1. Can you grab the distance from the C-alpha centre of the range 117-132 to the C-alpha centre of the range 62-98, Å, no decimals?
2. Per-residue HN-Hα couplings for the range 114-123, Karplus 6.51 cos²θ - 1.76 cosθ + 1.60 at θ = phi - 60°, whole Hz, x for Gly and Pro?
3. Which one, Thr125, Ser95, Ser66, projects farthest toward the positive side of the charge dipole computed for the range 48-144 from Cβ point charges (K/R +1, D/E -1)?
Amino acid sequence: MVSPGSTPLRSKNQSIRAQARVGPLLIFHIATTADWQAAEASGSYTTSTRGVTLKSEGFIHLSRDSQADEVLSKYYAGATEPLTLLMVDTALLTSPWQFDDVAGALRSFPHIYGPLNPDSVVRATPLTKDASGGWALPTLPASI
């Protein structure tokens, strides 16, 4: 969580590198289906992560394709409500975003510093449970 008045950790030149990429940059967010449906109706998604609002956290948590499975198993394993995987095209975002270093993580994570506009979501896929009862991700296109 980012404390009021503090600056999130950043790798030097992360935003510059992200902006210099060619083509769409895809990042991923796991949402409760109810939160996503409410966002589609209202035109604004403001859930940072499961049970935490954008207002309280200061940003919306997302992941790279290679980080999504770990996020799903670490933070959503006990979720009983339906979940939806959002595939976000950063070129379509209306709020600023950047990669931030996270303590203990090998790679930085993407964060959106404002509401996620639903039209930046190029695919919303309902998640299903696997044979062992755990959440399963679909095959993801490579992102970053």
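1. The range 117-132 and the range 62-98 have Cα centres separated by 9 Å.
2. With the stated coefficients, the range 114-123 comes to x, x, 8, 7, x, 6, 8, 8, 8, 7 Hz.
3. Checked the options; the winner is Thr125.
Where a number appears in this text, it was derived from the coordinates with a stated rule and is not lab data. Computed from a predicted structure; not experimentally measured. Neighbour counts run over all protein chains shown; Cβ positions are idealised from the backbone, glycine included.
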